[in-house]
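Inspection log for the structure reproduced underneath, given as structure tokens.
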Amino acid sequence: MLQLQALHHIAIISSNYKKSKRFYTEILGFQIDREVYREARDSYKLDLSLNGQYIIELFSFPSPPPRVSRPEACGLRHIAFKVANVEEAIANLNAKGIFPEPIRVDEFTGKKFTFFADPDDLPIELYEI
């Protein structure tokens with residue numbers, strides 16, 4: 001029987017590597033573990049961690065196709081991050097020019113959450129713990 005242990009990473013392809021690198025590091029606060037340029041592919045690969053945990057591989061490729069649709073399409077719906085206080089997280093994002101959707105409340109848990117998008121319109125959720 002297959003026994004998964006944990007999520008290893010999330011792979012994201014960006015349309016503008018410099019812009020996405022800034023977004024994930026300077027706005028969301030990810031740390032750079034390793035950055036590699038692969039000349040044969042004309043591609044960057046950036047390994048990002050959060051609080052010491054490797055989470056995101058950020059790629060650049062020449063002319064990637066755009067995301068097909070919003071979160072309700074088949075496939076990956078969104079990525080979500082835990083926060084201690086949604087209002088404080090939104091205030092921090094607002095100060096950096098990022099304006100999430102209005103806060104919602106999970107009808108099953110009573111917890112607050114909100115969504116915003118990365119530079120390529122990938123939906124990102126903040127979920128209050």
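The values are calculated or read from the model by the stated rules, or taken from the named source; none is laboratory data. Since this is a predicted model, take the numbers as computed values, not measurements. Because the Cβ atoms are built from the backbone with ideal geometry, glycine has one as well, and the counts that use them run over all protein chains shown.
Things worth noting here:
- Lys82 fulfils the conditions (1) in the same structural domain as Leu7 (by TED's automatic domain parsing); (2) surrounded by fewer than 16 Cβ atoms within 10 Å (Cβ to Cβ); (3) within 13 Å of the chain's Cα centre (by Cα) except for a single criterion, (1).
Conditions tested, residue by residue: (1) assigned by TED's automatic domain parsing to the domain that holds Asp120; (2) surrounded by 12 or more Cβ atoms within 10 Å (Cβ to Cβ).
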| site | (1), (2) |
| --- | --- |
| His8 | no, no |
| Gln31 | no, yes |
| Tyr54 | no, yes |
| Glu88 | yes, no |
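- Every listed requirement among (1) at pLDDT below 95; (2) of a type in the set (Lys, Arg); (3) more than 20 Å from Tyr24 (Cβ to Cβ) is met by Arg67 save one, (3).
- Cβ pairs under 6 Å, 6+ apart, first in the stretch 10-31 and in a loop (DSSP other than H, G, I, E, B), second of a type in the set (A, V, I, L, M): Phe30/Leu48; Phe30/Leu50
- Unique residue being modelled with pLDDT under 95 and not in a helix (DSSP H, G or I) when the list is Phe108, Phe99: Phe108
- For the residues Leu48, Leu93, the requirement of being outside the structural domain of Phe116 (by TED's automatic domain parsing) and out of contact with any Gly (no Cβ under 7 Å at 6 or more places or on another chain) singles out Leu48.
- Residues in the stretch 90-129 that are β-branched (Val, Ile, Thr) and within 26 Å of Pro64 (Cα to Cα) were compared, and the one that is surrounded by the fewest Cβ atoms within 10 Å (Cβ to Cβ) is Ile98.
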